[in-house]
Amino acid sequence: MFPFLPRKVSQAAKLAGSSKPTNSTPPPQSTRAVSQSVPDPSSSKGKDKGKAVAGGFLEEDCTLLLLLSLSEHTVWADPDLRRTIATGEEGFIPLGYLLRRSPFLASVTPPPTETVLVRSIRAHANAYLDVRMLVSAPSRGAWYGTDSTSADALGGYEVRRKDWENALQQSRNSSRHEWEARTLYMENIPLQHRTIAGIHRLTSTLLSNSSPLTAIPRVVQSILLPAHHQDKPDEHPKCKGFALVTLENTEHVELLLNKWPWSPRRTDLSDMGDTTLVHDAIKFGFRTLSKARWDALKEEYLTHRQRLLDDIAHAEDEEHAYTNQYMDAQSQAAPIAVAPTLSLPPKPAFDLSAPYPPGCLVYVRNVHAETNKTTLRTLFSQAFSVQSTEGLDYVDFNKGMETCYLRLATPQQTALLIAFFESHPTAQLRGLDNAGTPVTSATQAKALVLEVVDGTREELYWTKVPEKVRRQAVERSFRLADPSAGVKQEPLAEPDPRKRKRRRRDD
């Protein structure tokens, strides 16, 4: 009995074998499945050059990142990678291991797949890298669907440098001092090249007028993006216009330092190719600096920054020590009660023609930033509860400030206010604290500091006060300072009896 064959398959087989019948059996199903499920990444043969992969990333960029991941500097800096290459079969390492290990490939989001990397190698870097497929039989766990089997045991791709032995030899003979001499600092990188692959392409193109992949593909050995102090520890640094680039030899470093100096910056196209990339570099002010000079400037900046921080900390310590000393002295001194017979200073000599009342302005510090004028008036009026009830004329305060001005009625009231708060150190702990809190050694708050404003500062303040308010302040101060001398007021003008009154018309 013949096996069942679908009609379309049967017709296709009949047409294909109508000319010459054959009794050959079809190939085994497992072999046919392998040949159909594994595509050839190199089938494009260069026609997909510049093709974008996931996330808008180019295959050419994947090639540049692969070259950086297997560069001499990377092999020297990563002992585990160097050991994996040395112990691998003929220098091959799993491509999946490189995807997980390389910081350059980890900077791509989303990360490229192994198939994309193989296609990019065969299209752009077939002369520098070897790639092969690793086929192995599935394990029992993978066959029955157990998740415990590692994906690496099921096959994949392996990659190596064609000169992997020379790379290992050079990594063993290199030193940190040699790589530091081949490193330079780049600043003002054009905006469209602020990726690792973009910096690689920019550097290679500035060193050669041809394509970076055909001229000097491995001239760039490493690219380091300095991390920002606000970056999270698990985040990959992003290019902010500057980078540290390690080149293959010192000749390339000197060439870039001469063509793109730190100062003065390049502004013309002399001895440079007239390309869009060169125009962008000149437009953004691209410049380079040697790693040694960059380290010196960084050390100078850190020293200056630390000196400023030390000065600020020293000033705060001195202020804190002075405050503690003042509070200790006030707590040990006996409180001075304000008696009704407090002697007042002599009356100042001024008349009604003065531009402002002298000696009546007080500057206050350490008030609460969330207080208001009404609370401050109640707080400072405590000093006049015995002598007078109208000593405080006006509170000049702006919301959010920790200072204010007080306008007193007379110089005698100013002296009374200063004496009261010197003998009673008080702090305002809350915005609506209209009584104040006595300051002691246990109180972690700054006391109110009152200062009489005189001289040029007093004159400048009163010039900003309206003329009418100044005149009223002078008259009030003169009246309260000397009650016996009344302020003369001009009599009101009497109406003229001869003036006719206008009659209102009824609407």
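The values are calculated or read from the model by the stated rules, or taken from the named source; none is laboratory data. Keep in mind that this is a model prediction, so the values were computed, not measured. Note that we place each Cβ from the backbone using ideal geometry, even for glycine, and neighbour counts take in every protein chain shown. For accessibility, only protein heavy atoms count, side chains too; no ligands or nucleic acids. Shrake-Rupley method; radii C 1.70, N 1.55, O 1.52, S 1.80 Å.
Numbers at a glance
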| item | result |
| --- | --- |
| Area of Asp311 that stays accessible when all protein chains are in place (1.4 Å probe, Å², to 10) | 90 Å² |
| J(HN,Hα) series, the stretch 252-264, from Karplus relation 6.51 cos²θ - 1.76 cosθ + 1.60, nearest Hz, glycine and proline x | 5, 5, 5, 5, 5, 5, 7, 7, 10, x, 5, 8, x |
| Listed peptides 121-127, 304-310, 405-411 by packing density, highest first (mean Cβ within 10 Å) | 405-411, 121-127, 304-310 |
| Amide hydrogen neighbours beyond the local backbone of Ser222, cut-off 5 Å, H modeled | Thr246 |
| Distant-in-sequence amide H partners of Trp262 (H built 1.01 Å from N, under 5 Å) | Thr288 |
| Share of carbon and sulfur in the accessible heavy-atom surface of the stretch 231-273 [1.4 Å probe, %] | 52 percent |
| Accessible-area value, Phe242, 1.4 Å probe, nucleic acids and ligands omitted, Å² | 60 Å² |
| Leu134 long-range amide H proximity, modeled H, under 5 Å | Gly156, Tyr157, Glu158 |
| Highest-first arrangement of 248-257, 357-366, 420-429, where packing means the average Cβ count within 10 Å | 357-366, 420-429, 248-257 |
| Hz values of 3J(HN,Hα) by residue in the stretch 458-470 - Karplus curve (6.51, -1.76, 1.60), Gly and Pro given as x | 5, 5, 5, 5, 5, 5, 8, 8, x, 4, 5, 5, 4 |
| Nearest-10 value in Å² for the accessible area of Val135, using the 1.4 Å probe | 110 Å² |
| Cut-off 14 Å between beta-carbons: net charge of the residues surrounding Thr303, Lys and Arg +1, Asp and Glu -1 | -2 |
| Table column - 3J(HN,Hα) (Hz), the stretch 79-94, Karplus curve with 6.51, -1.76, 1.60, x for Gly and Pro | x, 5, 5, 5, 5, 5, 5, 5, 8, x, 6, 6, x, 7, 10, x |
| Accessible heavy-atom area order of Trp260, Trp164, highest first, probe of 1.4 Å | Trp164, Trp260 |
